[in-house]
1. Give the residue, chosen from A:9, A:63, that is at pLDDT below 90 and within 25 Å of the chain's Cα centre (by Cα).
2. Answer with yes or no whether residue C:242 is within 17 Å of the chain's Cα centre (by Cα) and at pLDDT below 95.
3. Taking region D:44-54 as the region of interest, how many residues are without any contact (Cβ under 8 Å) to a residue 60 or more places away in the chain and in a helix (DSSP H, G or I)?
4. Might you let me know whether region C:759-777 holds any residue that is surrounded by 24 or more Cβ atoms within 10 Å (Cβ to Cβ), modelled with pLDDT of 95 or more, not in a helix (DSSP H, G or I) and not β-branched (Val, Ile, Thr)?
5. Looking only at region D:192-230, how many residues end up being within 14 Å of chain A (Cβ to nearest Cβ) and either part of a strand (DSSP E or B) or polar (S, T, N, Q) (or both)?
6. Among the candidates B:164, B:106, which residue alone is within 8 Å of another protein chain (Cβ to nearest Cβ), of a type outside the set (S, T, N, Q), assigned to a helix (DSSP H, G or I) and under 20 Å from the mean Cα position of the chain (by Cα)?
7. From the residues in region C:703-714 that are more than 9 Å from chain B (Cβ to nearest Cβ) and part of a helix (DSSP H, G or I), which one is surrounded by the most Cβ atoms within 10 Å (Cβ to Cβ)?
8. Looking only at region D:170-198, which residues are touching a helix residue (DSSP H, G or I) at 6+ places or on another chain (Cβ under 6 Å), within 30 Å of residue A:178 (Cα to Cα) and of a type in the set (S, T, N, Q)?
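The values are calculated or read from the model by the stated rules, or taken from the named source; none is laboratory data. None of these values were measured; they are calculated from a predicted model. Ideal geometry is used to build each Cβ from the backbone, glycine not excepted, and the neighbour counts take in all protein chains shown.
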Amino acid sequence: MEIIRYRRDVWGEEVILGVSWDLLWVVAVTALILLAAHAIFMAVLAKKKAKPSSEGPRIKRHDAIDRAFHWIMAGSVLVLILTGIAPIVGLRISWLNIHWIAGLVLTFVVIFHIIRAIFWQDFKAMLLGPSDFKEPFDEKIKPGKYSFEQKGMHWAMTVLVIAVIATGIILFLHINTPWWNRPAVENEATLGIFFLLHGTATLGLIAFTAIHIYFAVRPEKIFYTRSMVTGWISEAEMKENHDTNKWKPE
Amino acid sequence: MNPKLTRRRFIKGVIASGAAAASTSLWYSVSGQNRPAGSVERLLSINVNGQVRRVDVSPQETLAHTLRYKLGLTGTKLGCNRGECGSCTVLADDVNIYACSTLTHEVKNKAVLTVEGLRAADGTLHPVQAAFIEELSPQCGFCTSGQIMSAVALLNTNPRPTREEARQALSGNLCRCGAYDHYLNGVMRASGQLS
Amino acid sequence: MTFMHIGKDFTPPDVEGKVTGTARYAEDFRRDGMVFARLLTSPIPSGRVVSIDASEALAMPGVVGIFTADDLPPSAPPANPALAKDFITYVGQPILAVAAESEEIAEAAIERIAIEFERRPFVVDPLDTLVEGGPDPYPMGNTLIREGAAAAAGTTASGTAVGSIKWTRDQIASFRAGRFPTGAPWGEEWAYGDVDANFAQCTTVIEEPFVTIGLPHHSLESRTGMAYWENGKCYFHGSLQSQTVGHAQLARMVDVDPANLVFINENTGGGFGSKIFPYPMMAVTGRFAKALNRPLQLRITRADEFYIGSARSGMQGWIKVGLRDNGRVGAVDIAIIGDAGSGGGASGSSAAEHVSIMYQPEAMRYRGMSLYTNTTPRGAQRGPGQNEMAAVLSPIMDKAGRQAGLDLVELRRINAPGPDALIGPRQGTISSSYYPQAIDQAAELFGWEAKKALPRQISATKVRGIGVGEGYHSAGASGYDGLLRIAPDGKIHLHTGVGNLGTYSYAAVLRAAAETLQCSWENCVIEHGHGENHLPHSTYQGGSNTIFTETRSSHVAALDAIRKMKQIAAADFGGAVDDYSIGGERVFLSSDNSKGYTYAEVAQKAIELGGEYSGQVFAEDLNDTTKRSVQAMQGTGLIAAAKDTLPKTGTTPGFAVAMVEIELDTETGKFDILDYTGIAECGTIIHPKGLRQAMNGGGVWGFGMAAYERHVYDPQNGLPANVGLYQAKPPTYLDVPLHMKSGATDMPDPQSPVGSRGIGEPSQGCAVAALMSAISDALDGHLFNRTPVTADMILNHIAQNDFNTGDLKTNTF
Amino acid sequence: MSSHDVMPDMGLYQPVTVEDAAGIARQFSTRGWLVGGGQDTYGWLKDRAKRPEVLIDLKGIESMRGIRETADGIEIGALVTLTELTTNSLITGRYSLLAEAAGRVASPQIRNVGTIAGNVAQDVRCWYYRRGLNCYRAGGNLCYADTPEGMNREHALFNASRCVAVTASDTGPALVALEAQMVIHNGSSERVVSAENFFVGPNIDITHTTVLRPGEILTAVRIPAKWANAEFYFEKVADRNVWDFALVSISAAMRVNNGVIEESRLVAGAVEATPRRLDRIEQAIRGKARNQQTADEVAALAIQGARPLNFNHFKMPLLENLVNRAVRGHA
């Protein structure tokens, strides 16, 4: 199996076309196996804890605007993944326009989110410090607003999304759009590297999206998902999962 | 202009491992190795100019190649080897085709007629041949065999074509010398319409 | 004058082989142990070979060898190397050849060869290299420098170098906009008369830019060669237009003594100027065969033929023409940038010469240059210079004529070159001309006046256009050798070193010898096409040149035979040589025809006498090739060999005039040619069917150049877009008229013993010019100022789209 | 630069049933190549621009031959040659549009061998792509034709999504006009796709021109009786009249009653990657008289949405003019 797709062009030069889409199946199968293993582990071996009640006082976890951001982003990422892999898996849809429009949506919401997170939100709450790394290994340590896993997922997603956006914009500049005509490609090899990066980042994004969705629907975590819809978690849920010294909700 | 001044490596070579496998089996596959089961037999009997000839034909071999390289019938010319000129025109079951764009295996059950097979048993020229001489139809002659074969195919089905029908029928034969008018005169003469 | 043979049809001996398939061309020959070679060609338009790794290919079973530029004598730009190494200058340029037991193996081996290239800047449009700062096609520059007269026009023999020439951006912009660029340097220049003073006397003066695009020859037989060496002799099966004129050159190329080179070339599948002389690839065939010590066939594919098979030069130019109030052309000023491709020569000067002869301007100035581009090498193609000039000139002259209120045929008639016409920068004379009569003959046969009166609009979407066009080419030389042998069996062996490229002139010219000898054609045997047939040094066969030149050679050989026969007869029967006559294939005493010999008897006598009669002694002024042939035949009959030293003055012209009527569909941009009439002015007709072939074939070539064929290159990567025949678009049966009319003045040229001149090139020039004029006429005199004019250009013009015309771009649109 | 012209070494299968052929095709998937007449195939292979390992010659499959009448129209076997289409009385009698289109393909010899299936399934024409350049359609990341300096006179006006190549088929547009159905067999089952949906553009699948997937074989083309003996118009404009691909072609079928167009199908060739149905024209002429006036009124609709490249602007007036002719009914 190859990792990178090459092709020898008529000038005899080996040009990188992009990531090998065989890896898509590797990623999909690997993610599936790992998640299935986790599910089985949780179902069979893990200590069953009582689920904290969702009744009682409600603690605000996400502003409406942040929830909207999350879901727009989620939607655009899913659309991007779907339209991006459609031609690879042989799904015959007119994907490209949807893909770049979704890409633009994603880009705008990400920019919005970055600005908002830096200036108006508790940016520190998401920072991943050295102390956070003790958290998974010590049951006594509870996180602040965001758990180690949540922070990890956030930053992984941040890196991947920025990577797909950055490479995606470069690729976007190479197609015809309502605003410009594509230029002549001066260097096919460089373009190929951007396709490779875009593809690689996509594979990562697919894997992390799968993990994210999996955890989002796990019974012990689903209240977070609910909070992403409704904005609140219960006080019981908060106390069970968070250190109130570190997270002081309004 | 976008001069690319970088030194770049050029390797005319194996595009993909699959292609490499295909081409390595090239010549020594004559002995029959590397042939997937169920594919065609190499040893063929083909009917050319009324004679059944036994030939060893590789699966991808074109009829023009077999005629010229294996059977010594060099009257069939290769002008382009791409179906773009008509110099290789032969008849397969009386239908004019481009021998360069036909696999020999495709015509194994057909009667192939080339320019060498047109003379009568007593050596008399075919009427098209005689008429082409009379009209001095060929110039350089490289396309002539093909022109003749298309004319023969036409007259087999339409013994008295109009000049327009003749040029339609011969239109798959390019003449770089531009002797079209003269070939048409030849067809008209061969069909007894010019004297 | 009544002739026995001249002006009568005959069946050339090679026709039967062509219709039965037995005529053999170079690639039809096989030899025991023969290996097959194939070329690896460059994917890059400009650069050099850094390294070649053929180890993998050479290790393949069945691969017998590789041949690279290192195996050839060194060559320097602008010479066109057979195999490139340090100077790759076009996509498709051969880099190396691989030989193997089969073609399949050779092709597979080519894919296993690793080459490292270094790229250099490249350019596909001459104006892009001419502009300051523009890329150069060679590292040392962009233009051909002809050092002295050593290099004849259109060739790149020794005496040439690559120099550099640049214009400012303003000068380029001005030229592209159709104005003469002030202060710009040129490569060559000539003038006669006072141009400015003559313009001042003109009442109609027009200035127009023009562009013509090169096109490949695409001879249907590619330049495949096969060679083998036996006992120190090289046997070479090749495809050339000329059989013997290039013998010494070919011998040098394959590195063999000329006496040990046997060149075999009975049939040539088209040449059109691209096979006049030995071409570089022949060196590879001959030397590779020697290196391997095996018979070797180097087959040239259709794509290879596009790359190395030569092409017409393109022109980007500007012309200013002035008419006096009597319709005479008073002055012409013309500037031409020629696209020489890679290592070729452009033909601007001969283009200008066309203007000078066809319109006889009182004063004229030409400025030009030949620029290289990273496109295929250019060389002579059917009237190089003259024919593309004819094409663009015709509608421009129509415009001037219309402005001056002249009928367009009348305009040509007023300026037509008559017998006292002058030509070119030196204003030399011509041998004869009946061209004004040819115009009248054409107008009569075509019905010009009647067609002119017809309505332009045929229907709502169809318009009629009529046009007249003129073609010219120099049509004859002198100084070549004639050779014949009368055998003791009475057969007259007529030897010729003229090539057989399909015009049948190789045979037709020998009929001049039969005519002089007053012998029956049936008793003549033509010896040609094979070095072992003992051939004389004959002219190079550049179409038109053969008939005039070689009827003279044939004639002098026949005169030599007659002299010798009379001497033999006089010696035996008494009396003076002048008392003897010939007739009925006998030489006899004029006063008593019983005293004499048959040709058979005189041949036997010649053998007995020896000496000059049967080739033991021969004239010193014969060419070495002829001498060798005479020596090889000594004692086999009466040998007559002579060099043509008959008087010759001035240029021998070939003229043709054509008239075309088209029906142009304004909704599709397509047109049908309703009438094509071509009249040749080529002296006496020697072979009517051959002449019709030349006229009609030239007509088809003219249509191709006018409407279909051209080079297209991608400026981004230097790739040619239309390598294959289906993309190059030579005209087919359905692109030419169903009937083509032709004729000739049939008046004798005094400098040919039978009165004949050639017509191969003018037959195309008149056709392309007439068609260009007819297209322009159909569109109310619109000038495209270019060839070809394709359907898209016509559509764009009608739709008032200003896209892709103008700007003088060549090769890229 | 490749100047090869000898066929590369490869395997050849000559199955005699559709099932066997589909089986072999499935087995080799993208390494196999279906051959009918082969007139587009061999050039690809000689150029080494496509490198399948085996050829699957379908010509031995009898069930894919012949032209049959069916309850609703006719069925044309995939192996029916273009010449047969021009001579068969069912076609020349009822569907002369198809006969005319087939008669303008390439050259007589190619029509004698080339099949209807091959003509519709042939790959697009783009000289860059056909030279083996690494373009989108060849699986690469760029287009050489649609660039500021690209030589794209023959390329697309419409719906170019990255790739600007056009369909080369003359019969494809005629079949779309006739509402043909394409019968596709995968060895075990059959599916039927309308001609209109049979062709796919680069926006949907940039490396294929039809819906055929590896292992699938186009076995027949069905033409419904609906358009039998309708009024037809076909015209192909190409540089040369032989061996040339359309610059633009038009195929039209109309039902005309008392001079009024009741229903019509107009399809243009060589203006995009697939045959282009001109539905705006069809709607605009419904209920109108078939005459010059109607033609002049509607023709401009044909080029709405056209996006010309550097050198193909001429295709706009050409398409408009051909639509005009088709609507008015004469050249």
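1. It is A:63.
2. Yes; evaluated as a whole, the condition is true for this residue.
3. Result for region D:44-54: 2.
4. Taking every residue of region C:759-777 in turn, at least one turns out to be surrounded by 24 or more Cβ atoms within 10 Å (Cβ to Cβ), modelled with pLDDT of 95 or more, not in a helix (DSSP H, G or I) and not β-branched (Val, Ile, Thr).
5. Let us first name the residues in region D:192-230 that are within 14 Å of chain A (Cβ to nearest Cβ), namely D:193, D:197-216.
If we keep only those that are either part of a strand (DSSP E or B) or polar (S, T, N, Q) (or both) too, we end up with D:193, D:197, D:199, D:203, D:207, D:209-210.
Of the residues in that region, 7 qualify.
6. Matching residue, one of B:164, B:106: B:106.
7. C:705
8. The answer is none; no residue qualifies.
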